[in-house]
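First the structure, in the form of structure tokens, and then the observations on it.
The values are calculated or read from the model by the stated rules, or taken from the named source; none is laboratory data. The structure presented is a predicted model; accordingly, all values stated were derived computationally and were not measured. Here the Cβ is made from the backbone with ideal geometry for all residues, glycine too, and neighbour counts use every protein chain on show. To get the accessible areas, we keep the full protein, side chains included, count just its heavy atoms, and leave off ligands, DNA and RNA. Shrake-Rupley method; radii C 1.70, N 1.55, O 1.52, S 1.80 Å.
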Amino acid sequence: MAFVSRSSIEVANKNRLIYHKLTVYLQRFPGENGDDASRSITNTPEYKVYLDGTFSQSGNIAADGGIDVLIPGGAKAILECLGTEYELQPLQIMEPHDTLKGVHRRLQLLGYYEDDVNDKWGTRTDAAVLDFQADHGLDPNGNALEAVTIDKIKEVFGE
């Protein structure tokens, strides 16, 4: 959280600007298999973040491929790294975790699902669910909406 200044020095500042902290992971493959060294992309390359076209922050990627980005509520950011630009925008509302859209969104954010978030079950849904279940020691039955799979997704996602 950052404080916002006022034009008058005599008046105490009571305004606050809320930032969302996003951690972006750039890794060779998703999941929990392998260690940081085997999943990392290179030796901690540099990154830059721009908010509305203005430079905001920079640094080096962590050993696990993580980048912590601070974005004010409602804003979009551009992350520049490894010669690529990534547009970042925090979601205001997440879909319920016990719906197919909710499972799609969480698996997408965890790096397992690469398709559109929707209510359609397809081969990419099957592959994402099976990969997630196998990575987390669950029975790889492909059922994304069973309680044990939803509970594990919530645990890994941090809900």
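Which one is nearest to ALA62 (Cα to Cα), of the residues in segment 79-117 that are without any contact (Cβ under 8 Å) to a residue 24 or more places away in the chain and touching a His at 6+ places or on another chain (Cβ under 7 Å)?
Restricting to residues being without any contact (Cβ under 8 Å) to a residue 24 or more places away in the chain and touching a His at 6+ places or on another chain (Cβ under 7 Å), the top hit is TYR113.
Which residue is least open to solvent (accessible area, probe 1.4 Å), if the candidates are limited to segment 104-117 and must be over 23 Å from GLY74 (Cα atoms) and out of contact with any Phe, Trp or Tyr (no Cβ under 8 Å at 6 or more places or on another chain)?
So, considering only residues that are over 23 Å from GLY74 (Cα atoms) and out of contact with any Phe, Trp or Tyr (no Cβ under 8 Å at 6 or more places or on another chain), the one least open to solvent (accessible area, probe 1.4 Å) is TYR113.
Within segment 127-145, which residues are under 12 Å from HIS97 (Cα atoms) and surrounded by fewer than 15 Cβ atoms within 10 Å (Cβ to Cβ)?
Within segment 127-145, just LEU145 meets the criteria.
Here is a check on your reading of the model: is PRO96 modelled with pLDDT of 75 or more and open to solvent by less than 40 Å² (accessible area, probe 1.4 Å)?
no
Looking at (1) at pLDDT 90 or above; (2) more than 15 Å from the chain's Cα centre (by Cα); (3) open to solvent by less than 60 Å² (accessible area, probe 1.4 Å); (4) farther than 20 Å from ILE150 by Cβ, can you tell me which one LYS48 breaks?
Single failed check for LYS48: (3).
So which residues in segment 60-103 are over 16 Å from ILE41 (Cα atoms) and in contact with a helix residue (DSSP H, G or I) (Cβ under 7 Å, 6 or more places away or on another chain)?
Selection gives MET94, GLU95, PRO96, HIS97, ASP98, VAL103.
Can you list the helices (runs of 4 or more DSSP H) found entirely within segment 44-159 that contain at least 2 residues being touching a Pro at 6+ places or on another chain (Cβ under 9 Å) and closer than 19 Å to GLN27 by Cα?
Because the criterion is at least 2 residues that are touching a Pro at 6+ places or on another chain (Cβ under 9 Å) and closer than 19 Å to GLN27 by Cα, the helices (runs of 4 or more DSSP H) in segment 44-159 that meet it are 123-135.
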